[in-house]
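The values are calculated or read from the model by the stated rules, or taken from the named source; none is laboratory data. The structure displayed is predicted, hence computed values, not measured ones. Note that each Cβ is placed from the backbone with ideal geometry, even for glycine, and that neighbours are counted across all protein chains shown. Side chains included, ligands, DNA and RNA excluded: accessible areas come from the protein's heavy atoms. Shrake-Rupley method; radii C 1.70, N 1.55, O 1.52, S 1.80 Å.
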Amino acid sequence: MSVDETAPLRVLVVDGDPRARATVVSLLAASDELEVVAETAGGPDALDLAERLRPDIVLLDAGAARTGHTAPLSRAARVFVLAAPDDRGAVEVAVRAGACGHLVPGDFTARDVLRGVRDASRVSLGLSAREAEVMDLIASGRSNGEIARQLFLSEKTVKNHVNRIYAKLGVGSRATAIALWRGMVSALPAKD
């Protein structure tokens with residue numbers, strides 16, 4: 001599988017409420033960094049779609065999270081549960097089953113989804129906040145010089161950050177680091 005570092009992250013939206021699902025799909029369609037590859041009303045269909053389409057992100061409504069679909073979906077993608085702030089039960093069940101986070105329906109943006117993916121990647125990959133910031137810029141296609149100018153750092157400092165990122169991720173190239181950062185671990189060969 002080829003990793004295209006500029007391709008949008010692929011999203012599967014799972015929500016039993018057709019209006020809520022349409023709202024989420026519409027919200028994400030406005031982003032150049034996210035692409036809705038499929039949508040479905042229920043968890044069983046979501047499992048089949050996730051297996052066939054290999055999305056990077058699954059947005060899963062509270063109902064599907066409660067019925068045990070989070071764990072199998074989280075093995076293939078970053079899962080975020082869509083639940084009201086007072087629905088702690090669904091959120092707790094989903095997080096224990098492997099969800100990366102929680103989004104409140106009608107109260108999040110495409111940037112919030114991207115921030116959630118970045119934060120989940122940073123924590124799971126062991127990067128510092130500054131390294132995560134540098135990795136975000138690498139993933140957006142910026143060179144070390146461009147990153148240095150944007151963050152008001154020397155190019156040598158950026159190169160040091162990049163080297164530490166590669167060491168922490170166990171990678172040797174920008175494309176592979178980007179693949180890990182964006183949650184496409186399945187695109188990489190297994191480590192020995």
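Applying a DSSP loop filter and a limit of 16 other Cβ atoms within 10 Å to the trypsin sites (Lys or Arg not before Pro) in segment 4-99 leaves Arg75. The phi-based Karplus calculation (6.51 cos²θ - 1.76 cosθ + 1.60; θ = phi - 60°) puts the 3J(HN,Hα) values of segment 129-146 at 4, 5, 4, 5, 5, 5, 5, 4, 6, 4, 5, 8, x, 7, 7, 4, x, 5 Hz, whole numbers, x for Gly and Pro.
Note on the chain: GNM, Cα springs under 10 Å; of Val37, Val117, Val58, the largest mean-square fluctuation is that of Val37. Averaging Cα coordinates gives a centre for segment 74-106 and one for segment 11-68; these two points are 13 Å apart.
As a fraction of the 1.4 Å probe accessible area of the chain, surface on carbon and sulfur atoms comes out at 50 percent.
Remark on Gly101: its backbone amide H falls under 5 Å from those of Val81, a criterion applied only to residues 5 or more positions apart or on other chains, H modelled at 1.01 Å from N. Ordered from largest to smallest accessible area (heavy atoms of protein chains, 1.4 Å probe), the residues Thr157, Thr40 come out as Thr157, Thr40.
Its Cα centre serving as origin, the chain has a Cβ charge dipole (Lys and Arg +1, Asp and Glu -1) of approximately 780 debye. Here the Karplus curve 6.51 cos²θ - 1.76 cosθ + 1.60, taken at θ = phi - 60°, turns the phi angles of segment 107-116 into couplings of 10, 9, 10, 4, 4, 5, 5, 5, 4, x Hz, with x standing for Gly and Pro.
Calculated mean residue ellipticity, 222 nm, the chain: -15500 deg cm²/dmol, from DSSP H runs (n ≥ 4) at -39500 (n - 2.57) each, averaged per residue and rounded to 500. Solvent exposure of segment 55-153 amounts to 45 Å² per residue of accessible area, where only protein heavy atoms count and the probe is 1.4 Å. State log₁₀ I(q)/I(0) for the chain at q = 0.09, 0.12 Å⁻¹ as given by the Debye formula over alpha-carbon point scatterers of equal weight, solvent excluded. Result of the Debye calculation: -0.34, -0.59.
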